[in-house]
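The values are calculated or read from the model by the stated rules, or taken from the named source; none is laboratory data. Note that the structure is a prediction, hence the values are computed from the model and not measured. In this analysis, Cβ positions are derived from the backbone assuming ideal geometry, glycine residues included, and neighbour counts consider all displayed protein chains. Heads up: the accessible areas ignore ligands, DNA and RNA and are worked out on the full protein's heavy atoms, side chains in. Shrake-Rupley method; radii C 1.70, N 1.55, O 1.52, S 1.80 Å.
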Amino acid sequence: MFLNRYARQIAFSGIGAEGQNKLLTSTVAIIGVGALGTVLANILCRAGIGRLRLIDRDYVEFTNLQRQILFTEEDAIKRRPKAVAACEFLKKVNSEIVLEPVVSELNSGNITQILDGVDLVLDAVDNWETRFLINEWSVKNKIAWIYSAALGSQGMTMNFCYNNSDNSNTPNNSAVNSNRPCLRCFIPADQSQTQQQTCATAGILAMSTGTAASIQATEAVKIILNSPATREGLLTIDLWTNRFKNIKIDRDMDCPVCVCGNYEYLSRSGGMRVQKLCGRNSIQITPELQTPIDLESFAKTLANAGKIEANRYILNFTNDECQFVLFQDGRAIIENVQDETHAKSIYNEFIGLR
Ligand SMILES: [Zn+2]
């Protein structure tokens, strides 16, 4: 009776009853609950991944609804945190699995704690900095992760498997897998510094994110099941020009991460962080100490300076000069600003955490 909901998936020869049990006992983290992340969470929740951890730093907006399939207009009006809104929706779909929302930015200070106990990490983020961090964590902990990205009508995805989550049927496993590249083997670190197109400038089709994330979810299931069918190489797709390409990637034998073990992003120290958000006229400020704050007392103090709207997870503040959203971990997204110094001064004036 318990497994009945998975009957059509169990009937598929690649999965079967044994495979289904393996899915039910696995833990998967999805980092970023946007266009890619909502598709991943939707598929993997229904497929019966036993424990899904959804990590996202942002809240739902109307421009998300065209492609972020787990959100409603009400979520956008109430500015619900994406991780929470997605888990609330999915609980109604499958109450037999564990759904864990994490409203936080993934960074070097919290990655060990946030990814504790996961078997597989799925990248659904919109920036290189977080991907390099995930890559280093995965190489160090020998836990597989899957990269994916989408823009316009294009999408790409690639599996990064290391010794213990790779095809364990192969003899002398570690030697075979030592030829597998990591992300830094072919993407230079200064990639994150270059000016790139975003969803806001190049646009994005829900079909591209849906396709890239569906392939990524399929590979996730294969990796969990140790399937010999697990894909290798970088897959790029363009749905508008009908191009599908799989590019073989070699390991760089001078790679600073998987060869030299130099974990630059993992070892970055804290301090207040100021980041422009992808495709938005907003800047995020993260204080060094991300300890939970009492939003209610902030609401009381800030009510003297402007208009407040708050829920359990976030506080919206608006006055004639500025607008920002404050999160429980002390982070704030300052809206309608371009200049980092200006954003920082708004943060210091109204929030003032260090
Ligand atoms: Zn490497």
**Study point:** Whichever residue in segment 109-125 is under 28 Å from residue 214 (Cβ atoms) and part of a helix (DSSP H, G or I) and, among such residues, is least open to solvent (accessible area, probe 1.4 Å)
**Key:** 111
Revision key, fill the gap. Residue 139: passes all of (1) within 16 Å of the ligand (Cβ to nearest atom); (2) under 16 Å from the mean Cα position of the chain (by Cα); (3) crowded, with 22+ Cβ neighbours inside 10 Å but (2)
Practice item. Answer yes or no as to whether residue 324 is open to solvent by less than 60 Å² (accessible area, probe 1.4 Å), without any contact (Cβ under 8 Å) to a residue 40 or more places away in the chain and of a type in the set (Phe, Trp, Tyr). Key: yes
Practice item. Of the conditions (1) touching a Ser or Thr at 6+ places or on another chain (Cβ under 9 Å); (2) modelled with pLDDT of 95 or more, residue 217 clears all except one; give me its number. Key: (1)
Practice item. Specify the residue that is most open to solvent (accessible area, probe 1.4 Å); the eligible residues are those in segment 265-294 that are at pLDDT 90 or above and not hydroxyl-bearing (Ser, Thr, Tyr). Key: 266
Check your understanding: Scanning segment 231-253 for residues that are of a type in the set (A, V, I, L, M, F, W, C) and open to solvent by 50 Å² or more (accessible area, probe 1.4 Å), which turns out nearest to the ligand (Cβ to nearest atom)?
Key -> 253
Review point. Going by the conditions given, is residue 261 in contact with a Ser or Thr (Cβ under 6 Å, 6 or more places away or on another chain), open to solvent by 20 Å² or more (accessible area, probe 1.4 Å) and over 22 Å from residue 104 (Cα atoms)?
Key: no
Review point. What number of residues within segment 109-145 are of a type in the set (Lys, Arg) and touching a residue at least 24 places away in the same chain (Cβ under 8 Å)?
Key: 2
Practice item. Give just the number: which of (1) open to solvent by 60 Å² or more (accessible area, probe 1.4 Å); (2) within 16 Å of the ligand (Cβ to nearest atom) does residue 256 not satisfy? Key: (1)
Point to revise | Boolean, residue 277 is within 16 Å of the ligand (Cβ to nearest atom) and on the phi < 0 side of the Ramachandran plot | key: no
Review point. Is segment 209-224 home to any residue that is within 16 Å of the ligand (Cβ to nearest atom) and within 18 Å of residue 131 (Cα to Cα)?
Key: no
Review point. Is it true that residue 228 is open to solvent by less than 50 Å² (accessible area, probe 1.4 Å), more than 30 Å from residue 328 (Cβ to Cβ) and either more than 16 Å from the ligand (Cβ to nearest atom) or outside any helix (DSSP H, G or I) (or both)?
Key: no
Review point. Hey, residue 311 hits all of (1) modelled with pLDDT of 90 or more; (2) open to solvent by less than 80 Å² (accessible area, probe 1.4 Å) but one; which does it fall short on?
Key: (1)
**Study point:** strands (runs of 3 or more DSSP E) (entirely within segment 1-108) containing at least 1 residues that are open to solvent by 40 Å² or more (accessible area, probe 1.4 Å)
**Key:** 51-56, 98-103
Revision key, fill the gap. For segment 142-158, the count of residues that are away from the ligand (no atom under 16 Å from the Cβ) and open to solvent by 10 Å² or more (accessible area, probe 1.4 Å) equals 7
Point to revise | Residue check for residue 201: open to solvent by 40 Å² or more (accessible area, probe 1.4 Å) and either in a helix (DSSP H, G or I) or in the same structural domain as residue 187 (by TED's automatic domain parsing) (or both) | key: yes
